[in-house]
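Undergrad: The following block contains the structure, expressed as structure tokens.
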Amino acid sequence: MEPKDSNGTILNDGDSVTLIKDLKLKGSSQTLKRGTVVKKIRLTNNADEIDCRINGSEIVLRTEFVKKA
């Protein structure tokens, strides 16, 4: 079980990733803009999801919407 970004690059704990698409957050009016850099990601038990902190909020992102920075 190796999590991979949208380009097929393997992701590791502590990597930095960049969003490749504008994403609306569920339950919030906030939108994450394309090109936002997310530092120090954490891997989850699910290979399709990563855990991260953006603007002080803990967020789970799908790996299909990020690329390794």
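Undergrad: Can you tell me the accessible area per residue over the chain, all protein chains present, probe 1.4 angstrom, in square angstrom?
TA: Details: 4580 Å² over 69 residues.
Result: 66 Å² of accessible area for each residue.
Undergrad: Give me the net charge of Arg34's neighbourhood, meaning all other residues with Cβ under 13 Å from the Cβ of Arg34; Lys, Arg count +1, Asp, Glu -1.
TA: Numbers: positive: Lys21, Lys24, Lys33, Lys67; negative: Asp22.
Overall, the nearby charge balance is +3.
Undergrad: Accessible area of the chain with a 1.4 Å probe: how many percent of it is carbon plus sulfur?
TA: Heavy-atom surface of the chain belonging to carbon and sulfur, 1.4 Å probe: 44 percent.
Undergrad: Leaving out ligands, DNA and RNA but keeping every protein chain, what accessible area does Arg62 have, in Å² rounded to the nearest 10, with a 1.4 Å probe?
TA: 90 Å²
Undergrad: Another one. Run the simple label-point estimate for Ser57 and Lys26 please: 7 Å along Cα→C-beta, distance reported in nm.
TA: It is 1.3 nm.
Undergrad: Would you please give the FRET efficiency between Asn12 and Thr36, computed as 1/(1 + (r/R0)^6) with r the Cβ-Cβ distance and R0 = 25 Å, to the nearest 0.05? Don't skip to the answer; put the middle values down first.
TA: Values: r = 20 Å, r/R0 = 0.79.
It comes to 0.80.
Undergrad: Still on this structure, I have one more. Once both labels are modelled 7 Å past Cα along the beta-carbon direction, what's the Thr44-Met1 spacing in nm?
TA: If labels sit at Thr44 and Met1, their model points lie 1.2 nm apart.
Undergrad: For the chain, what percent of Cα pairs sit more than 13 Å apart? Kindly include the intermediate steps, with their values, before the conclusion.
TA: Numbers: 1412 of 2346 pairs.
Cα-Cα pairs in the chain separated by more than 13 Å: 60 percent.
The values are calculated or read from the model by the stated rules, or taken from the named source; none is laboratory data. This structure is a prediction, so every number in the text was calculated from the model and none was measured. We place every Cβ from the backbone using ideal geometry, glycine too, and count neighbours over all the protein chains shown. Note: accessible area is taken over every heavy atom of the protein model, side chains too, but ligands, DNA and RNA are not part of it. Shrake-Rupley method; radii C 1.70, N 1.55, O 1.52, S 1.80 Å.
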